[in-house]
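> I'd like to ask some things about the structure below.
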Amino acid sequence: MSAASDPLLDVRGLSLDFGSPRGRIHALRNVSLEVGAGRVVGIVGESGCGKSTLAYSIIGLLAANAEVVGGEIVFSGRNLIGLPDSEMRALRGREMSMIFQDPMTALNPVQTIGTQMLAIQYRDAVPTREKRKRAVEMLVKVGIPDPESRLKAYPHQFSGGMRQRICIAMALLVNPSLLIADEPTTALDATLEVQIVELLKDLQKDMGCSILFVSHHLGTVAELCDDVVVMYAGEVVERGSVRDIFHTPSHPYTEALLECDPGRIREKTRELPTIPGDVPNLIDVPDGCIFRSRCPKAFDRCVREAPAPRRVSGGHEASCHLLDELAEAAP
Ligand SMILES: Nc1ncnc2c1ncn2[C@@H]1O[C@H](COP(=O)(O)OP(=O)(O)OP(=O)(O)O)[C@@H](O)[C@H]1O
Ligand code: SF4
Ligand SMILES: [Mg+2]
């Protein structure tokens, strides 16, 4: 039984490899994060940093070549690592659900929306008419006009934005305590993105669930989230509140990400800046700090030693040797 103050989700030192013909890909290394009840936590980082791998490992939908090699994923006081598939499936149908980048990943193209929205409630021992009523109510909540008749439509008869709204409705029909969203707005244009984020915000307030929100888009994360986890090359390099991360970033990688954010670029340009260099090879992970090959502030210690997470203030943590240097230099 978990204590009242325990987070809903507590990922502790999670390490995960993918098998590949070229060798083991160390895709997650010692990843820790917490999602409190009713909190919205954003995961940000460049492509290939392990955001989706982390999301899929929590919901138990990893590829067959994935192997958890260390750590725990504690959800509602229970470690999910090694849980039988049947129990993970039950958990996905009740306590956790997921929204994907491409709504067609979740929708069956040859079944009506109504059939799918009833099917997702298969665990509930209530009459079909009650399930239909819930489906209609949920479609109203996510802003689908004329929901009664739309239940008879197929996914291809909706626009991309509407399909994502339907996926949100389906994910919330199970009344999850944790909703995981992996880049749910990336495939949408900017106006639809704003609408979906507003919708998620309203629904979260209404239903009180926690959300783990994966995004490339820092502006969206600032808009929606309470807390932020910054990932780089399979590691958490910084975590804290939205305020901590956006106002007092303490890791050079977070600073670099913020400098590339379109919302912060003052001069109009068609070419968005990117951080120079590439994410390191995750088969042969270099010694020292994982960001050192791209870090403008790297110094000799960064080559020799990997920095451990260091508390900046309250729940704000970053893994960078500069924090030690600053602490030593302080009077
Ligand atoms: N099934 C797999 N087999 C082998 N390698 C994989 C597999 N899935 C992911 N990877 C590798 O794991 C690393 C992390 O990938 P992941 O998809 O989690 O990144 P991401 O942060 O979600 O990126 P993006 O922003 O592009 O979605 C990458 O190096 C990727 O190539
Ligand atoms: S530890 Fe060194 S290389 Fe790593 S982020 Fe800090 S300054 Fe840069
Ligand atoms: Mg991804």
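> Determine the relative contact order of the chain: mean sequence separation of Cα pairs under 8 Å and six or more apart, normalised by residue count, in whole percent.
Numbers: 575 pairs, mean separation 66.6, N = 331.
Rounded, it is 20 percent for the chain.
> In vacuo Debye scattering of the stretch 1-112, one point per C-alpha: log10 I(q)/I(0) at q = 0.10, 0.21 Å⁻¹?
-0.33, -1.34
> Restricting things to Cα coordinates, could you compute the convex hull volume per residue of the stretch 1-58 in Å³? Write down the numbers at each step before the final one.
Numbers: hull volume 5.6 nm³, N = 58.
Expressed per residue, the convex hull around the Cα atoms of the stretch 1-58 is 97 Å³.
> For the stretch 6-18, just list the computed ³J(HN,Hα) in residue order, Karplus coefficients 6.51, -1.76 and 1.60, θ = phi - 60°, integers in Hz, with x standing in for Gly and Pro.
5, x, 5, 10, 9, 8, 10, x, 6, 10, 9, 10, 10
> Can you tell which of Ala135, Ala318, Ala306 shows the greatest fluctuation in a Gaussian network model of the chain with Cα springs below 10 Å?
In this elastic network of the chain, the residue with the biggest mean-square fluctuation among Ala135, Ala318, Ala306 is Ala306.
> Using a Gaussian network for the chain with springs between C-alpha atoms less than 10 Å apart, which of these wobbles most: Glu193, Glu72, Glu235?
So, out of Glu193, Glu72, Glu235, the one fluctuating most is Glu193.
> Run the quick spin-label model on Glu148 and Ala308: label points 7 Å from Cα toward the beta carbon, then report their separation in nm to one decimal.
6.4 nm
> When the Debye formula is applied to the Cα atoms of the stretch 114-166, each taken as the same point scatterer, what base-10 log of I(q)/I(0) results at q = 0.13, 0.22 Å⁻¹?
-0.29, -0.80
> Go through Leu199, Val174, Asn65 and say which Cα lies farthest out towards the positive end of the charge dipole of the chain; charges sit on Cβ, +1 for Lys and Arg, -1 for Asp and Glu.
In the chain, that residue is Val174.
> Report the longest stretch of the chain that contains none of the chymotrypsin sites (Phe, Trp or Tyr not before Pro) sitting in a DSSP loop with at most 16 other Cβ atoms within 10 Å. Before the final figure, lay out each step's value.
Numbers: sites that count: Tyr122, Phe299.
Longest site-free region, per DSSP loop and neighbour criteria: 123-298.
> While we're looking at this one, here's another question. Based on the Kirkwood radius over alpha-carbon pairs, what is the Stokes-Einstein translational diffusion coefficient of the stretch 155-293 at 25 °C with 0.890 mPa s viscosity, in µm²/s? It would help to have the intermediate numbers written out before the result.
On the way: Rh = 17.1 Å.
For these conditions, the coefficient is 144 µm²/s.
> Net charge within 13 Å of Gly160 by Cβ-Cβ distance, Lys/Arg positive one each and Asp/Glu negative one each, not counting Gly160 itself? Walk me through the numbers on the way to the answer.
Details: positive: Arg163, Arg165; negative: Asp102, Asp189, Glu193.
Local net charge: -1.
> Let me ask something else about it. Excluding Glu87 itself, calculate the net charge of residues whose Cβ lies under 14 Å from the Cβ of Glu87, where each Lys or Arg counts +1 and each Asp or Glu counts -1. Show your work: numbers first, answer last.
Numbers: positive: Arg78, Arg89, Arg92, Arg94, Arg123; negative: Asp85, Glu95.
Local net charge: +3.
> At 222 nm, what value in deg cm²/dmol follows for the chain if DSSP H runs of at least 4 each add -39500 (n - 2.57) and the sum is divided by all its residues, to the nearest 500?
On the way: 13 runs with 115 residues, N = 331.
Helices in the chain give a 222 nm mean residue ellipticity of -9500 deg cm²/dmol.
> What trypsin sites (Lys or Arg not before Pro) in the stretch 113-170 are in a loop by DSSP, with at most 15 other Cβ atoms within 10 Å of the Cβ?
On the way: sites: Arg123, Arg129, Lys131, Arg132, Lys133, Arg134, Lys141, Arg150, Lys152, Arg163, Arg165; in loops: Arg123, Lys152.
The qualifying sites are Arg123, Lys152.
> Quick one: divide the alpha-carbon radius of gyration of the chain by 2.2 N^0.38 Å and tell me what you get.
Details: Rg = 20.9 Å, N = 331, 2.2 N^0.38 = 20.0 Å.
Relative to the rule-of-thumb radius for its length, the chain sits at 1.05.
> I need the phi-derived Karplus couplings for the stretch 283-294: 6.51 cos²θ - 1.76 cosθ + 1.60, θ = phi - 60°, integer Hz, Gly and Pro marked x.
For the stretch 283-294, the Karplus curve yields 7, 10, 5, x, 6, x, 6, 5, 9, 4, 5, 10 Hz.
> Still on this structure, I have one more. Largest first and in whole Å, give the semi-axes of the stretch 112-232's equivalent ellipsoid, each being the square root of 5 times a Cα gyration tensor eigenvalue. Each step should come with its number before you reach the end.
Details: eigenvalues 138, 56, 26 Å².
For the stretch 112-232, the semi-axes come out at 26, 17, 11 Å.
> Under 8 Å for C-alpha pairs, at least 6 residues apart: give me the relative contact order for the stretch 1-108, rounded to a whole percent.
31 percent
> With springs connecting C-alpha atoms under 10 Å apart, model the chain as a Gaussian network and identify which of Glu95, Glu46, Glu305 has the largest mean-square fluctuation.
Greatest mean-square fluctuation among the candidates belongs to Glu305.
> Assuming R0 = 22 Å, can you tell me the calculated FRET efficiency for the pair Gln157 and Gln195, based on Cβ-Cβ distance, to the nearest 0.05?
Numbers: r = 19 Å, r/R0 = 0.88.
Here the calculated transfer efficiency is 0.70.
> Another question about this same structure. Quick one: which residues, 5+ away or cross-chain, put their amide H under 5 Å from the amide H of Gly71? H built at 1.01 Å from N.
Ser15
> Further question: Charges on Cβ only, +1 for Lys and Arg, -1 for Asp and Glu, centred on the Cα centroid of the stretch 77-147; of Pro145, Met96, Ala125, which one is farthest towards the dipole's positive end?
Value computed over the given set: Ala125.
> Moving on. Rounded to whole Å, give me the distance from the Cα center of the stretch 222-249 to that of the stretch 64-97.
Centre-to-centre distance over Cα atoms comes out at 25 Å.
> When the expected Rg is taken as 2.2 N^0.38 Å, what fraction or multiple of it is the alpha-carbon Rg of the stretch 44-178? List each step's numbers first, then the result.
Details: Rg = 16.4 Å, N = 135, 2.2 N^0.38 = 14.2 Å.
So the stretch 44-178 has a normalised radius of gyration of 1.16.
> Tabulate in residue order the Karplus-calculated ³J(HN,Hα) for the stretch 219-235, using 6.51 cos²θ - 1.76 cosθ + 1.60 with θ = phi - 60°, rounded to whole Hz; enter x for Gly and Pro.
Rounded to whole hertz, the list is x, 5, 5, 4, 5, 9, 9, 8, 10, 9, 10, 9, 10, 9, 6, x, 10.
> I'd like the antiparallel share, as a percent to the nearest 5, of DSSP beta bridges with both residues in the chain. All intermediate terms of the calculation are to be shown ahead of the outcome.
Values: 28 of 45 bridges.
Counting only bridges with both partners in the chain, antiparallel ones make up about 60 percent.
Readers should treat all values here as calculations from the given coordinates under stated rules, not as data from a laboratory. Since the model is a prediction, treat every value here as computed from it, not as a measurement. A quick note on method: Cβ atoms are made from the backbone with ideal geometry, for glycine too, and the neighbour counts reach across all protein chains shown.
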